[in-house]
1. Using only alpha carbon pairs under 8 Å that are at least six residues apart, calculate the relative contact order of the stretch 85-181 and give it in whole percent.
2. Cα axis of helix 9-24 to longest principal axis of the chain: angle in degrees, 0 to 90, nearest 10?
3. Give a quick list of trypsin sites (Lys or Arg not before Pro) in the stretch 40-104 that DSSP marks as loop, anything other than H, G, I, E or B, with at most 16 other Cβ atoms within 10 Å.
4. Between residue 294 and residues 5 or more places away or on another chain, which pairs have amide H atoms under 5 Å apart, with H built 1.01 Å from N, and which residues are they?
5. Relative to the present Cα-Cα distance, how much length would full extension add between residue 153 and residue 67 at 0.36 nm per residue of separation?
6. So which aspartates and glutamates can residue 290 reach, going by Cα to Cα under 17 Å and dropping same-chain residues fewer than 8 places off?
7. Does anyone have the angle between helix 174-185 and the longest principal axis of the chain? Alpha-carbon axes, 0 to 90°, nearest 10?
8. Taking a point 7 angstrom from the Cα of residue 285 along the C-beta vector, which residues in the stretch 221-265 have backbone N less than 17 Å away?
Amino acid sequence: MAQVRRLPQSLATNTTLFSVLAVFGIGAYCARSHLLPRVHAESNEPPAMFSGFGFTTLRLQSVKVVNHNTKRLVFEFPDPNARGGLSLTSALLTFSRPKGRWLPVLRPYTPISDLNQQGSLELMVKHYPNGKASTHIHSLVPGDTLTFLTPLKGYSWVPNQHPQIYAIAGGAGITPIYQLIRGILDNPNDKTKINLVFGVNSEQDLLLREELEEYKRRFPGRFDYVYTVSQLEGETGGLKKGYVTEELLKTVATDRGDAKVFVCGPPAMETSLIGNRGTKGILDRLGFEKEQVYKF
Ligand SMILES: Cc1cc2nc3c(=O)[nH]c(=O)nc-3n(C[C@H](O)[C@H](O)[C@H](O)COP(=O)(O)OP(=O)(O)OC[C@H]3O[C@@H](n4cnc5c(N)ncnc54)[C@H](O)[C@@H]3O)c2cc1C
């Protein structure tokens with residue numbers, strides 16, 4: 001992915017506010033760092049780590065290098081029974097103090113682990129040269145900590161509301177799309193069909209490939225994907241070459257009536273799909289209504 005996903009304007013404004021609050025210190029919230037997950041002692045429910053605004057500092061348990069610019073990082077909860085408590089689809093706003101910077105940096109990242117998983121969560125983070133948060137996160141080693149400020153809700157998914165979804169991801173934009181895919185397929189009561197179109201620069205950027213393959217194997221007829229690689233070298237091995245084009249989507253998105261479309265990728269890809277200031281995007285030209293399309 002050649003570009004950085006930006007926070008929506010509303011979030012960016014909030015982020016500034018959060019920064020100011022953070023700089024002046026909100027003792028009450030800081031005191032919650034390292035505290036046990038928020039839960040009433042008498043509840044039988046596993047405690048939820050992220051139930052609202054407040055600092056939560058988690059220890060990094062393990063790091064796995066995925067490719068030339070991406071790592072998977074597992075953060076452990078202080079209580080091994082605790083769950084994240086995030087709803088499908090959510091991201092977490094991280095709060096970090098990169099080396100040499102006085103002001104904190106706030107950036108959202110999307111857990112790729114099962115949202116009901118107890119004891120830990122996993123992030124997948126792409127590193128941008130000179131990227132403030134991603135450089136800091138990539139510098140962490142097991143035993144270090146990362147602070148989270150608040151969950152950010154994305155699309156409120158309702159099982160079976162649509163018979164079919166089309167998920168279109170570009171590069172590291174696969175993370176929210178993957179969270180949605182696994183949330184749907186891991187729910188035995190949800191029968192939604194899913195077709196993924198995943199566009200990347202090179203084959204090594206096909207993140208979560210094994211996981212997606214496994215879902216395809218487990219859910220034949222319900223989950224399928226097309227990978228398209230812009231800089232494809234040598235054998236194609238079932239991969240398409242190029243960008244996510246109208247021609248490609250026409251062959252995948254054949255059931256347009258009640259379908260919902262999810263999009264997450266670099267700005268250029270999102271603009272070509274959704275359009276910009278009066279110009280129609282590919283999805284519009286294919287007959288999708290505005291309300292059918294959700295951009296993370
Ligand atoms: C809801 C949401 C969820 C997200 N989830 C994830 C996630 O799960 N995983 C993930 O990795 N990201 C995710 N992101 C993106 C993430 O929040 C950050 O925007 C990203 O990590 C860059 O932040 P940074 O502080 O490292 O870079 P910044 O300091 O913000 O700046 C990056 C700057 O680096 C420069 N740059 C340097 N090299 C490059 C390059 N190769 N390409 C483009 N620009 C370059 C650009 O000029 C750019 O302005 C998500 C974003 C949103 C909005």
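Computed from the coordinates by the stated procedures, all read-outs in this text should not be read as laboratory data. In this text, all values refer to a predicted model and were calculated from it rather than measured experimentally. Using ideal geometry, Cβ is built from the backbone for each residue, glycine included, and neighbour counts are taken over all protein chains shown.
1. Answer for the stretch 85-181 is 39 percent.
2. 20
3. Within the stretch 40-104, the qualifying trypsin sites (Lys or Arg not before Pro) (loop, at most 16 other Cβ atoms within 10 Å) are 99, 101.
4. 261, 262, 263
5. My answer for the length gained is 28.1 nm.
6. Hits, sequence-local ones excluded: 246, 255, 258, 270.
7. Between the helix axis and the principal axis of the chain, the angle is about 80 degrees.
8. Residues 242-254 fall inside that zone.
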